[in-house]
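Heads up, the thing below is written out as structure tokens.
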Amino acid sequence: MGAPNDAGHRSDLFPITLPTLKTGLVLRHPDPISGALYSAVELLPDNRGTLVLNQRRLPLEETYEHVVGVDHMAEAIRTLKVRGAPSIGVAAAYGMVLAALPETGDAASFTAAMHAGGALLAATRPTAVNLAWAIGKMLDRATTAAGESPDARVASLAECARSLHRAEVAACKKMGALVADRVKDGATILTHCNAGALATAGFGSALGVVRAARAQGKDVRVIACETRPVLQGARMTAWELAKDGIPVTLITDSMVAQLMARGGVDLVVVGADRIARSGDVANKIGTYGVACLARVHEIPFYVAAPWSTFDMDCARGADIPIEQRDPEEVLSFPTRDGAVRIAPEGVSAQNPSFDVTPARLVTAIFTERGVIDPVTEAGVRALA
Ligand code: MRU
């Protein structure tokens, strides 16, 4: 293993030196549920607004936006300021608190406003089921609280959203420890996209495994795929791990096969956006390719995801809606202030944001409820 570099981490292949970070509005929250010095999203102590870390500006700027309205939160989710399946679930839950804030009318008008807010948030992104799951939980609470005073309704919804957030972080810690038990000291873990604290509103699912393994005293290191087109791996995974002093080596997505063929990967761990009853897993575009390569090279391919990512109403992967994003993301390369065009004018592009890895390519799925291994519908049902 190479010597520590300026960022305090070791890397044999391509050392990452992050540019100087500029801090904009820092996280000023007395008790962030994320449990870290940064957080994807937090509800302010007085319940009157939220702080959203604008992930579009990472890693060059760590800037928090004060989000105070449900429409503003919907826009933050749609534009990937807050992203990652569990994080957008938590953000939507807090968005429902924001929807309740201006509502001083009777139970019927409050209920109508909550349903309108829920519909607005649910329409932002189609693949991650955590969004609909969190909104459903908040609507249940809104029904229970509808007859109370406006202040009591907001307090009740805030309590529900915070406990949902706490549960997601606790789930990550639990499944992280479960997978970490299978990780050998010195292992190199490949991950795709960002399934870290930024994506789960604290600790992380795939990166939670890395954190848990290190907490067990294991000297693990990470290979992060850059994850085109939006570069969640290069920008967020590298940022989080470098911040924690965890060794991380960045590769382009096209380097996975070569690295695996040379014995440079011991296991793969990724997160998920939706898991069907069959155990088929939707995750960031490119995950399916990594899973195929892992199978060819006989490398374990693990998925770590909270139960909120399972959709028992969805029979199989083919039924999972796949978000189609703006082709401009493919035709351009993201920069600090937007994007620079890399393809000639007039060229078309496709941009499916997620793909589906069939259950047969997944070695095991880890959740806070236990391990699914082998990955079969019976195994999923056993935890339901
Ligand atoms: O488009 P994004 O950045 O929201 O996609 C995120 C992913 O695909 C993550 O891998 C997934 O949500 C798992 S996060 C724990």
Relative to the first principal axis of the alpha-carbon coordinates of the chain, what is the inclination of helix 150-180, with its axis defined by its Cα atoms, in degrees from 0 to 90 and to the nearest 10?
20 degrees
If every Lys and Arg gets +1 and every Asp and Glu gets -1 at its Cβ, then about the Cα centre the chain yields a dipole, in debye to the nearest 20, of 700 debye
Only bridges with both residues in region 175-383 count here: give the DSSP antiparallel percent, nearest 5.
45 percent
Extension gain (nm, one decimal) between Ala318 and Glu148, 0.36 nm per residue minus Cα-Cα
56.9 nm
In straight Cα distance, which aspartates and glutamates are under 17 Å from Lys137, not counting same-chain residues fewer than 8 positions off?
Glu159, Glu168, Asp311, Asp313
Which of Asp373, Asp280, Asp71 is most accessible, then next, and so on - probe 1.4 Å:
Asp71, Asp373, Asp280
tail above 30 Å in the computed P(r) of region 175-383, as % of all Cα-Cα pairs, reads 19 percent
Relative contact order %, the chain, counting alpha carbon pairs below 8 Å whose residues are six or more apart
15 percent
Largest fluctuation, Ser332, Ser205, Ser348 only, Gaussian network model of the chain with Cα springs under 10 angstrom, belongs to Ser348
Picking from Val230, Val296, Val90, which is most flexible by a Gaussian network model of the chain using Cα springs under 10 Å?
Val296
Could you tell me how many degrees, from 0 to 90 and to the nearest 10, lie between the Cα long axis of helix 287-296 and the main elongation axis, the longest principal axis, of the Cα atoms of the chain?
30 degrees
Å² per residue, accessible surface of region 11-171 at 1.4 Å
39 Å²
Reachable lysines, given that their alpha-carbon falls under 18 Å from the alpha-carbon of Lys81 and they are not under 8 places away in the same chain:
Lys22, Lys284
Please list the three semi-axes, largest first and in whole Å, of the ellipsoid equivalent to the chain, using sqrt of 5 times the eigenvalues of its alpha carbon gyration tensor.
33, 23, 21
Enter the accessible area of Trp239 (Å², nearest 10), with the probe set to 1.4 Å and all protein chains included.
0 Å²
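The values are calculated or read from the model by the stated rules, or taken from the named source; none is laboratory data. Bear in mind the structure is a predicted one, so any value in this text is a computation, not a measurement. Glycine gets a Cβ as well: all are built from the backbone with ideal geometry, and neighbour counts include every protein chain shown. Surface areas here come from the heavy atoms of the whole protein model, side chains and all, with no ligands, DNA or RNA. Shrake-Rupley method; radii C 1.70, N 1.55, O 1.52, S 1.80 Å.
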